[in-house]
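Enquirer: Here it is: the structure, laid out below.
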Amino acid sequence: MADTLIDVKDLRIHFFTDEGVVRAVGGVDLAITRGKTLALVGESGCGKSVACRALLNIVHRPGKIVSGEIIFHRMFHQSSGSGSDASVDIAELNPKGREIRDIRGKEIAMIFQEPMTSFSSMYTIGNQIMENILLHTNLSKQEARILTIELLDKVGIPKPSRLIDEYPFRLSGGMRQRAMIAMALSCSPTLLIADEPTTALDVTTQANILDLMQNLQKQYEMTLLFITHDLGVVAEIADEVAVMYLGKIIEKSDVFTLFNSPAHPYTQALLKSVPKIAMTREALDPIKGMVPNPYSRPSGCPFHPRCPKAFAACKTIVPKTTSLGLHHTVQCLLYEDVTERQATEALS
Amino acid sequence: MTTEAKNEAQDISEEGGVDLAAEIPVMGEAAERFAMAPQWQLMWWKFRRHRLALVSLVVIIILYTVAIFAGFFAPKSADPTELQTPSYTPPGYAHQTEYINAPPMPIHWIDNGTFAPYVYAFKKTRDPKTLVETFVATDTKIRLGFFVPGDRYTVGFSSVPVCPPEWSENAICKLIDPVLGFVKTLAFTADIHLFGPINPEDPFYPAGADDVGRDVFSRLIYASQVSLSVGLVGVFLSLLLGIFLGGLSGLVGGWVDNLIQRTIEVLRAIPDIPLWMALAIAMPPRLDPVYVYFGVTIILSLLRWTDLARVVRGKFLSLREDDFVTAAELDGVPRGRIIMRHMVPSFMSHIIAQMTLSIPGMILGESALSFLGVGLRPPVVSWGVMLNKAIDVVVVINKPWLLLPGLAIFVTILAFNFLGDGLRDAADPYHV
Amino acid sequence: MLTYILRRLLYMIPVMFIISILVFLTIQLPPGDPITKMIENQRLQQGRVFSEKDIEMMQARFGYGDPLPVQYTKWIGNIVLRGDFGYSFYKREEAGKVIADLMPLTIAISLGSFIFTWIVALPIGVLSAVRQYSIADYVFTFIGFIGLAIPNFLLALILLVLGLTTFHTSFTGLFSSAEIQQAPWSLAKVWDLLKHAWVPMVVIGTGGTAGLIRIMRANLLDELHKPYVETARAKGLSEMRLLVKYPLRHAMNPFVSGFAYLLPYLVAGEAIVAIVMNLPTEGPTLLNSLLNLDVYLGGGILLLISFMTLISTLLSDILLAWLDPRIRYGN
C-alpha cells in the first residue's frame, strides 16, 4: 500500500522475568496510514504502551522483540541522495545504533503520559527542547532557541520567551504537556506517538490538549498514533481504531464502523461500559471479571473467560484475523468457520 | 534475532528462576501462587533467591550457637585465673607457663592409617647465638578426641534462678521441683567438650597461645559471646530509641519533628570514634565489667539510633498519606490501633533489614574501642580486647595468629551485611 | 542562592553551640578535677609548686573552681573571641599551637581519602548499575562487601605487616624521618609526604568507597527507568550522553548529600588508623589527651573535628543546591 507509513507484521515482545515469560505483545499486525490518526485502545496492561515504544525500538530489559517486522516507509528525502527504497525495518536496527537514533525524535516523536515525570527536573524545559533540535538539525544554539520560543508559542504557552527558562516543576501539568508536545514537534516528525497524553490531566485541560494536537496534526501533516483507554477521546480524535486485548489486536476498523457496529464481544462490552450523555438512566454494564494475570494467559481466545458469547471451541482454538469488510478486521471465532479450522488443524 | 532471543530467554531463566522452576512446574500455577501468596511467603521466596544471604543466615546461626554454648565448643577455658576458686582449678592450663607465645599446633587427623587425631607437644628452645626463644615439636603425641572431659564450664545465666525461694508456693515450681529439682538456675554446668585432648591436662593450642599461655582458639570462642551480643544489645537499644523518637517525629510532626531532626543532624555531624573514645574514657576506671559492657553498648547506641529513627520517621510520613491509613481513619479506627495494626506491620520488614545492617557498625565500634584499650577491658574477653594485644606491628609479625579475632570480625560483619542486603531486597517483595 | 547559603550559615551557629556544649560535658565527665590533677602531677614529677598567684591566674583563665556554666562560658569565649584553646598540661604547650600543628595534616589526609573514595566509587558505582548483573558488577559488589567488612584498623595493621615483611618498608608515619617532619615545607617534603600518605588514605577510604559504590549503584538503578530517561531516549540521544546528562545527574543527588556523612566517617576512621599507623595527626593526640585528662587539648580537637564535619555538611548542601534546581527553589 502506497499510503502506509508503518507496517507492523507479527510483532512479538516477551518479558523474561524471574516469575516466567510475559507475552506482552503476542503477534500484532498493524498498518498505520499516512496522515491519519490511529487510536490504539485497550485496558491498562494490555501491551499497548510496550507495542508503541517498540516503534522506536525502545524495549526495556527484561523485554525483548522476539520476532516480527516494523517496516517504516520513510518519506523520500530530496536532500539525501540515498537510494529510492527508503523503507527500513525498525525491529532489526540496533537499539543503541546511529540509524534508530536518527529516527527517534526526528522522524518519529513521542509524547508520554506523565507530564510530571517525563521532563527531567534538573534542566529547564528550554534546555530539553533545544536538545532535540540541536541533536537533529544543523541549527546554532541561538537559532534553536528562537525556534523553541516559536514552538512554545505555537502550543499555547504564554510568555514563551520567559517560560523557556523555567524548570518543569514550576509549570502546571497542562503547561508541561504543552511543552512536551512542543518538544515532540520540534523536528517536524512524520509520525507522532502519543501514549495516553491526556490521562493525567483534568477534563478541561484534556480537551484543550486534544484540540491542540488535532490542529497541529493538520498543520504539520503528521500521522498520529494515539494510545488511550478512553473511548471518548477516541471518538473525538481518531480516524481508525485498533482494539488491543492481552497483547493482540482483536479488532480494527475505521472509527464509525467501530462505534456503530462493533464486531468483537470485547469491543461491544467496552462500548457498553462507557456512560453516555442523553441516555436514559440505566445501569452501566461493566465487563465481567478482571484482566487475567499476565503470567497465565488463557488458552485459545484470550478473552474467552470473560466473554458472554464464548462457546466450547473458544477454549482451545486461537482465533485468526478475519476480514469483515473494507478496513474492518476482527479476531473472533464467531466470524470464523470453526469446523473448517478444526479440520485443518487436525490434519496438520 | 529469534534464536538470539531464545538464548537470552534461556539464560535468564537459568540465572534467576532455577529454584522457582524446580518448585513450580507450571508457569500458570506459579503466577497464581505468586499473586495469592501472603506477604511473608513472598519475602521468603525472594529472600531465598539471594544465595549469599541464605548462606550468611546459616553462618550467623552457627556463630550464635557457638557463642551460646561457648564452653562446649572451646577445648579449654578462656582465662584460668578467672576460674581459680579455692575449690576448683581448671586442669586445662596445667602447662600454661611452658606455652607462652606458642604458635598454632597443626592437627594430624590420621595416625597409622586410622582416624586418630593428635598434635605434637612443643618444647621451648633458645637459639644459642641470637638467644631468640622458639618452639619445636617433640615426638610426644597428644591424643585428641571428641566429647572429651576438660575444664568445667557453665552455659546460660547462672545468676538467674528458675524458681526463686519466694516462689516456692507457685504451682509450676511445685510441678518442676520433684523432676528437675537440681536445676536451680537458668544455666547448667558441664565439663564435656566437643573436641580436645583426651587427657584434660594436656596442652592443646590449635590457634596458638597468647602472652600468658592462654589458648587463642578457646578465647576466640568465648570472646564471641561478648562481641556478638554487643551488636544485638546495642541494636536493640537503638531500636527502642529509634522507633520511639522516629515515630514521635513522624507522627506528631511540627516542632517535635524539628527538634528531633536537628538532634539527629547534630549527632550525625560528630565523628563517632572520637566521641566514643571520649565517652568510653569518661567511664569510671574501676567499674564492674558488667557495667563497662553496658556502658560501652549504650555509648555505641547513642550515636547509632539515628539511622533507625530516620527510617521509621520516613515510613510514618509516607504511610500517613497512604490510602489504607486514610481508609482506616475514615472508618473511625482509633489512632493507636492504626499505628500498631496497620502502619507498624507494613514497615516492620524494613526495620528488621535496617537493624541487621546496623549490627556490623556496633560490632566494629566495640572492637575498635577495645582494640585501642578504651572499650572493654580484661578480664572481659571480646574480639577487640584480644586484638588489643596485636596493636604493635612487631608483635603481629612474630605472632600472626593474634590477628585471628580480626578474621572472626570480618566473617561476622560480612555475613550480617549479606543477610541485611537480602532482607532489604526481600522486604519489598513486589519490587522487581 | 546567596540567601540560601546565608541561611545555612546562620543555621550552623546553634548547631555548633549545641555541639560545643556536648563536647564540654564530655571532657568534664571523667572523675577528678583536671586542674587539681595537673597541679599534683607537676608537683610530683618536677617538684614544681604553683604559687597562690599562679592558681589565681589559672582561675581567671579557665574558670577553675567556678560552677560549670561559668567554666563553659570562659572556655568557649576564649576559643571564639581570642582563638585561645587553653593549655595542654600533658604537652606543656598552648593547646591552640598543638592543634594548629596537627590540623593541616589531618585535613590533608581526610581530604586525600575523600578524593580517593570519590574517584574510585563513582565510576565503579556507575558501571555496576549500567551493567547490572554482569561479571564486573558481581566482582565489584563482592569486593565492596569485603571492603565494608574489614575494620580499617585491621586493614592498617595488615598493610603495616605486609610492608615490613614483603616490601621491607615501613608504612608508619607520614614522613621518612623525624628530621623531615620537623623541617620547613619544601618540594622534597611534599614529595616525601605523598610517598607515605597514600597508604593511610587508601586504608581510611576503603570502607567509605565500598559504601559509596553501593549507594551510587542503588541510586542509579532507581533512576535508569524513570520516565524522563525514556523521554530523552526517544529524542535519539546516544546512550552515553543520555546516561551522563540525565540519570547520572539525578543519581548524584543522594551521592552528594551522602558526602556530608562521608567526611565524619572518614575523620573517625582517620582517628583510629592514625593511632595504628602512628601518623602525626589529631587521632593519637586526641586519644592521649583524653587518657591523660588533658581536657583543653582533647576538647579543642573534638570541637575542631566537629566543626570540620559541619563545614563539609554545609559544602555538600551548597553543592546540592547548585546541582538541583528543586532545592534552590525550595521545593
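The values are calculated or read from the model by the stated rules, or taken from the named source; none is laboratory data. None of the values given here were measured: they were computed from a predicted structure. Note that each Cβ is placed from the backbone with ideal geometry, even for glycine, and that neighbours are counted across all protein chains shown. For the accessible areas, the whole protein counts, side chains as well, though only heavy atoms, and no ligand, DNA or RNA atoms are used. Shrake-Rupley method; radii C 1.70, N 1.55, O 1.52, S 1.80 Å.
Enquirer: Starting from the Kirkwood Rh over alpha-carbon pairs, what translational D in µm² s⁻¹ does the stretch C:140-206 have by Stokes-Einstein at 25 °C and 0.890 mPa s?
Expert: Stokes-Einstein gives a translational diffusion coefficient of 185 µm²/s.
Enquirer: Using a 10 Å cut-off on Cβ to Cβ distances, tally the other chain neighbours for every residue of B:397-403 and report the average as a whole number.
Expert: 2
Enquirer: Then there's this: Using each residue's phi in the stretch B:397-405, evaluate 6.51 cos²θ - 1.76 cosθ + 1.60 at θ = phi - 60° and report the 3J(HN,Hα) Karplus result to the nearest Hz, with x for Gly and Pro.
Expert: Karplus values, whole Hz, x for Gly and Pro: 5, 6, 10, x, 5, 5, 7, 3, x.
Enquirer: Between the stretch C:2-18 and the stretch C:141-202, how many Å separate their Cα centres?
Expert: A separation of 37 Å, based on Cα centres.
Enquirer: Just to confirm the filter: which GluC sites (Glu not before Pro) across the stretch B:252-337 are DSSP coil and have at most 15 other Cβ within 10 angstrom of their Cβ?
Expert: B:GLU321
Enquirer: The stretch B:312-334 to the stretch A:1-28: how many Å between their Cα centroids?
Expert: What the calculation gives is 41 Å, centre to centre.
Enquirer: Could I ask something else about it? Net charge near C:VAL267, counting Lys/Arg +1 and Asp/Glu -1 over other residues with Cβ under 15 Å of its Cβ?
Expert: -2
Enquirer: Output the peptides C:273-282, A:54-63 sorted from most to least packed, where packing is the average of other Cβ atoms within 10 Å over each peptide's residues.
Expert: Peptide ranking by packing, descending: C:273-282, A:54-63.
Enquirer: Collect residues whose amide H, placed 1.01 Å from N in the peptide plane, falls under 5 Å from the amide H of A:MET244; neighbours closer than 5 in sequence don't count.
Expert: A:VAL41, A:GLY42, A:ILE250
Enquirer: Amide H of B:ALA207: which non-local residues (sequence gap of 5 or more, or other chain) have their own amide H closer than 5 Å, using H built in the peptide plane?
Expert: So B:ALA207 has HN proximity to B:MET105, B:VAL216, B:PHE217.
Enquirer: Let me ask another. Test of the criteria: in the stretch B:368-432, which chymotrypsin sites (Phe, Trp or Tyr not before Pro) are in a DSSP loop and have at most 12 other Cβ atoms within 10 angstrom of their Cβ?
Expert: B:TYR430
Enquirer: Between beta-carbons, use under 10 Å as the cut-off and find the net charge around B:SER249, counting Lys and Arg +1, Asp and Glu -1.
Expert: Residues close to B:SER249 contribute a combined charge of +1.
Enquirer: Using the alpha-carbon atoms, what tilt in degrees (0 to 90, nearest 10) does helix A:173-185 show relative to the longest principal axis of chain A?
Expert: Computed tilt is about 90 degrees.
Enquirer: Any idea of the total accessible area buried by the C-A contact, 1.4 Å probe, rounded to 100 Å²?
Expert: Buried area between the two chains comes out at roughly 2600 Å².
Enquirer: Largest first and in whole Å, what are the equivalent-ellipsoid semi-axes of chain A based on the Cα gyration tensor, each being the root of 5 times an eigenvalue?
Expert: The answer is 37, 24, 19 Å, longest axis first.
Enquirer: Would you kindly derive the ³J(HN,Hα) couplings of the stretch C:297-303 from the backbone phi angles with the Karplus curve 6.51 cos²θ - 1.76 cosθ + 1.60 (θ = phi - 60°), listing them in order in whole Hz, with x for Gly and Pro?
Expert: 5, x, x, x, 5, 4, 4
Enquirer: Can you give the translational diffusion coefficient of the stretch A:52-201 in µm²/s, computed by Stokes-Einstein from the Kirkwood radius over Cα pairs at 25 °C and 0.890 mPa s?
Expert: Reported coefficient: 149 µm²/s.
Enquirer: Please identify every one of the chymotrypsin sites (Phe, Trp or Tyr not before Pro) in the stretch C:176-239 that sits in a loop by DSSP and has no more than 15 other beta carbons within 10 Å of its own beta carbon.
Expert: When the chymotrypsin sites (Phe, Trp or Tyr not before Pro) of the stretch C:176-239 are filtered for loop state and at most 15 Cβ neighbours within 10 Å, C:TRP185 remain.
Enquirer: Which residues' amide hydrogens lie under 5 Å from the amide hydrogen of C:GLN132, considering only partners 5 or more residues apart or on another chain, with H built in the peptide plane?
Expert: Sorted by chain and number, the residues that satisfy this come to none at all.
Enquirer: Over all pairs of distinct alpha carbons, what does the Kirkwood formula give as the hydrodynamic radius of chain C, in Å?
Expert: With all distinct Cα pairs of chain C included, I get 22.8 Å.
Enquirer: Related question: Taking each residue in C:262-270, count the Cβ atoms of any other chain within 10 Å of its Cβ, then average. What number comes out?
Expert: 4
Enquirer: Another question about this same structure. I'd like the Karplus ³J(HN,Hα) series for the stretch C:191-204: coefficients 6.51, -1.76, 1.60, θ = phi - 60°, whole numbers in Hz, and an x wherever there's a Gly or Pro.
Expert: 4, 4, 4, 4, 4, 9, 6, 5, 5, x, 4, 5, 4, 5
Enquirer: Next question. Give me the net charge for the shell around A:LYS48: Cβ to Cβ below 12 angstrom, other residues only, Lys and Arg +1, Asp and Glu -1.
Expert: That sum, taken over residues with Cβ under 12 Å, equals -1.
Enquirer: Sorted by mean Cβ packing within 10 Å, highest first, what order do the peptides C:102-108, B:353-359, B:57-63 take?
Expert: Descending packing order for the listed peptides: B:353-359, C:102-108, B:57-63.
Enquirer: Which order do peptides C:238-248, C:142-152 fall in by mean Cβ count within 10 Å, highest first?
Expert: C:142-152, C:238-248
Enquirer: While we're looking at this one, here's another question. Run the numbers on chain A and let me know its relative contact order in percent, using alpha-carbon pairs under 8 Å that are six or more apart.
Expert: 19
Enquirer: Could I ask something else about it? Calculate the radius of gyration of the Cα atoms of the protein assembly as shown to one decimal place, then report Dmax, the largest Cα-Cα distance, as a whole number, both in Å.
Expert: 36.9, 121
Enquirer: If you don't mind, there's one more thing I want to ask. What FRET efficiency do you get for B:ILE198 and B:LEU240 if R0 is 41 Å and r is their Cβ-Cβ distance, rounded to the nearest 0.05?
Expert: 0.25
Enquirer: Between B and C, buried accessible area summed over both sides at probe 1.4 Å, in Å² to the nearest 100?
Expert: The summed interface area works out to 3700 Å².
Enquirer: Roughly how crowded by other chains is peptide A:30-37, in terms of the mean Cβ count from those chains within 10 Å of each of its Cβ atoms?
Expert: If you average over the peptide's residues, the count of other-chain Cβ atoms is 0.
Enquirer: Just how many % of Cα pairs in the stretch B:241-376 lie over 27 Å apart, if you round to the nearest whole percent?
Expert: Cα-Cα pairs in the stretch B:241-376 separated by more than 27 Å: 34 percent.
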